[in-house]
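All remarks here apply to the structure that follows.
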Amino acid sequence: MFRIRIIYDHILPLNKLAIAQVQAILREQFPALTEKEIFLLPDKLGNPLKYRFRSLLFIGEDQKGQVKGFAFVQHEAELKFFYLDFISTARKLTGRGIGGALYERVRLEAASLQTLGIFMECLPDDPKLSPHPVILKQNKARLKFYEQYGARPIINTRYETPVNPGDDNPPYLVFDDLGRNIPLPAAVARKIVRAILERKYAELCPADYIDMVVESFQDDPVRLRPAIYRKLEGPALIQARIPEDKLIALIVNDKHDIHHVRERGYAEAPIRINTILRELEKSNLFSKLPVKHYSEKHIKAVHDSGYINYFRRVCQNLPPGKSIYPYVFPIRNNARPPKELPVRAGYYCIDTFTPLNYNAFRAAKRAVDCALTGCDYILDGHMLAYALVRPPGHHAEYRAFGGFCYFNTNAASAHYLSRIGRVAILDLDYHHGNGQQDIFFRRSDVLTLSIHGHPRFAYPYFSGFADEVGEGEGKRHNINYPLPEKIDSSAYREILIKALQQIRKFKARFLVIALGLDTARGDPTGTWLFSAKDFETNGHLVGSLQLPTLVVQEGGYNNRNLGVNARHFFAGLWNGMFNRTPHLPHSIRSNIK
């Protein structure tokens, strides 16, 4: 199996190994490169402001993680162009189609980001400029390769003027307009050429040389050299599709419906999952993946063993179809739990409406498996995963269940990811994420944030106040935003932007979203009035963090708009993650930079 994926950073262990292999290919295939240039590759991925380009590393690898080829690209979002810095296969793999597959993936990305096209340098195929036969032959082969895609040298400029008079093989500037045949204005070309020369070659090119080259672009629009290696039968159009590495991994709890509480008024029903799935099927953003099995140690990392063992035992001993509800709460002596298991439910519960039944443990355990499957997908180098699960989890504390929640899926996921780097949990449910707060209250490696209805009127009533900021090492690592019973979407977004700024300040490497859709208009458990468009806008804001993100489904109980709102949230999240043009007011865009 061969796959192409984009590496955006150098943090994940998988990415570190791939980057090391790319550096080895650079040493083999580009012997003129200095060791310093090769060494700086990870830094270019991690510091776009420093280099004034956003760097993208495309790698082609086999199922064992062996890199067979790569392309390194600089993206300039304001001027809307790609600059192809390097493209190469590993030694002895030339001619096997790897280079073509990589370049086609680069073209697809350039088109999807709405760039003007791809610029690159190629050594000349003119014997007057390249007098050495072996090098000339290589130059011709390279230009022939790009010409099949419609990419050709820009002519009638002084770009190929040697910086040092007398040097041979000065490069052409080649342009691929992505098959759109749209003229490139001279004024735009001059800005692009200046950006390339000043940002990449400032140490080599004097200012007067750069001015001379830039001013030589006088043809308006710029002209490309006619095809000389093959007849161009038409533009090399790009088939519109979403690459596999940019799809959202969708992991559905395939055992959620065994937990079906049929009591009248119980809102957390299986229909919720099916309603969301029907709408997601209308989108082309998802790739449904099977659920993996994980050890209980990942649950024990965030929950009390006594609670886990109790939960398992009571569920095993209940007859199918029967539920028990807590009704005795031993707050005066919680060190001596009652002997009878049904009575002991209150020893571990925070309310009277979350039942225990035969399948609750199995469904909750499977929900955690779904989320951890999504984590592994992210650790495999992808950016987005969605655990569509029930029962929900964000009200489950270290040693207590409640609010329809039994195991805290978000907390298990955050702990799992925290061995690699800092994690932020952003809870967007209408109700406070008391579970994450309780579990991570004394930890500094996981930042917990919750935007919710104020606890004076919203469940769970006893937590979610603004002054709950963490303790010990965790001080100032728990942030609550309790909001009024009525709030419009623009005021909410101001709070969301503040929360995102805190995540940036924390320098999180991963993001876990506790997605509550109960902030929607008409939800029976909430009082806010968010529309589908609001969910899309909020999703775009969150995606603009461009962090590897796991979304875990929490609340949302109005089945008339539940699926539509989910689909719009993920459309916004995906667009924000991958730099699609946001349909946001300028005042909002300026605050998320």
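Figures for the structure shown
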item: Exclusive hit being under 11 Å from Leu116 (Cα atoms), surrounded by fewer than 18 Cβ atoms within 10 Å (Cβ to Cβ) and out of contact with any Leu (no Cβ under 6 Å at 6 or more places or on another chain), set Arg194, Arg199, Arg180; result: Arg180
item: Selected residue [in contact (Cβ under 8 Å) with a residue 60 or more places away in the chain and of a type in the set (S, T, N, Q)] from Gln66, Gln114; result: Gln114
item: Of residues in region 209-265 being β-branched (Val, Ile, Thr), more than 26 Å from the chain's Cα centre (by Cα) and not in a loop (DSSP other than H, G, I, E, B), the one modelled with the lowest pLDDT; result: Ile258
item: Residue list for region 529-548, restricted to those being among the hydrophobic types (A, V, I, L, M, F, W, C), closer than 25 Å to Ala424 by Cα and either not in a helix (DSSP H, G or I) or not assigned by TED's automatic domain parsing to the domain that holds Arg493 (or both); result: Phe530, Leu545, Leu547
item: From the options Gly421, Gly435, residue that is outside any strand (DSSP E or B) and either hydroxyl-bearing (Ser, Thr, Tyr) or crowded, with 24+ Cβ neighbours inside 10 Å (or both); result: Gly435
item: Test: residue in region 72-80 that is aliphatic (A, V, I, L, M) and in a loop (DSSP other than H, G, I, E, B); result: yes
item: Of all residues in region 140-160 being modelled with pLDDT of 95 or more and polar (S, T, N, Q), the one that is farthest from the chain's Cα centre (by Cα); result: Asn156
item: Asp429 in contact (Cβ under 8 Å) with a residue 40 or more places away in the chain, in a loop (DSSP other than H, G, I, E, B), assigned by TED's automatic domain parsing to the domain that holds Ser544 and within 28 Å of the chain's Cα centre (by Cα); result: yes
item: Ala32 vs. criteria of a type in the set (Gly, Ala, Ser), surrounded by fewer than 17 Cβ atoms within 10 Å (Cβ to Cβ) and not in a helix (DSSP H, G or I); result: yes
item: Of all residues making up region 105-129, the number that are surrounded by fewer than 18 Cβ atoms within 10 Å (Cβ to Cβ) and among the basic types (Lys, Arg); result: 1
item: Test: Arg96 is among the charged types (D, E, K, R), in contact with a strand residue (DSSP E or B) (Cβ under 9 Å, 6 or more places away or on another chain), under 26 Å from Gln21 (Cβ atoms) and part of a helix (DSSP H, G or I); result: no
item: Residue match in region 158-175 (condition: assigned to a loop (DSSP other than H, G, I, E, B) and closer than 23 Å to Arg105 by Cα); result: no
item: Within region 452-478, tally of residues that are of a type outside the set (S, T, N, Q) and touching a helix residue (DSSP H, G or I) at 6+ places or on another chain (Cβ under 6 Å); result: 1
item: Thr373 assigned by TED's automatic domain parsing to the domain that holds Asn579 and either at pLDDT 90 or above or over 22 Å from Glu296 (Cβ atoms) (or both); result: yes
item: Options Glu485, Glu494, Glu536: the member that is among the acidic types (Asp, Glu), surrounded by fewer than 20 Cβ atoms within 10 Å (Cβ to Cβ), at pLDDT 95 or above and under 27 Å from Glu78 (Cα atoms); result: Glu494
item: Test result for Ser130, hydroxyl-bearing (Ser, Thr, Tyr) and under 22 Å from the mean Cα position of the chain (by Cα); result: no
item: Of all residues making up region 266-315, the number that are of a type outside the set (Gly, Ala, Ser) and assigned to a helix (DSSP H, G or I); result: 23
item: Arg560 more than 20 Å from Asn274 (Cα to Cα) and assigned by TED's automatic domain parsing to the domain that holds Ala367; result: no
item: Some residue of region 22-31 being in contact with a His (Cβ under 8 Å, 6 or more places away or on another chain) and free of Cβ contacts under 8 Å to residues at least 60 places away in the same chain; result: no
item: Out of Ala466, Ala458, Ala499, sole residue that is part of a loop (DSSP other than H, G, I, E, B) and over 30 Å from Gly306 (Cβ atoms); result: Ala466
item: Conditions (1) without any contact (Cβ under 8 Å) to a residue 40 or more places away in the chain; (2) touching a Ser or Thr at 6+ places or on another chain (Cβ under 8 Å); (3) polar (S, T, N, Q); number of the one not met by Ser463; result: (2)
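To keep it simple, each residue is scored yes or no on (1) in contact with a Leu (Cβ under 9 Å, 6 or more places away or on another chain); (2) buried (at least 21 other Cβ atoms within 10 Å of the Cβ).
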| residue | (1), (2) |
| --- | --- |
| Ala77 | yes, no |
| Lys92 | no, no |
| Phe145 | no, no |
| Gly150 | yes, yes |
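The values are calculated or read from the model by the stated rules, or taken from the named source; none is laboratory data. Not measured: the values here are computed from a predicted model. Here the Cβ is made from the backbone with ideal geometry for all residues, glycine too, and neighbour counts use every protein chain on show.
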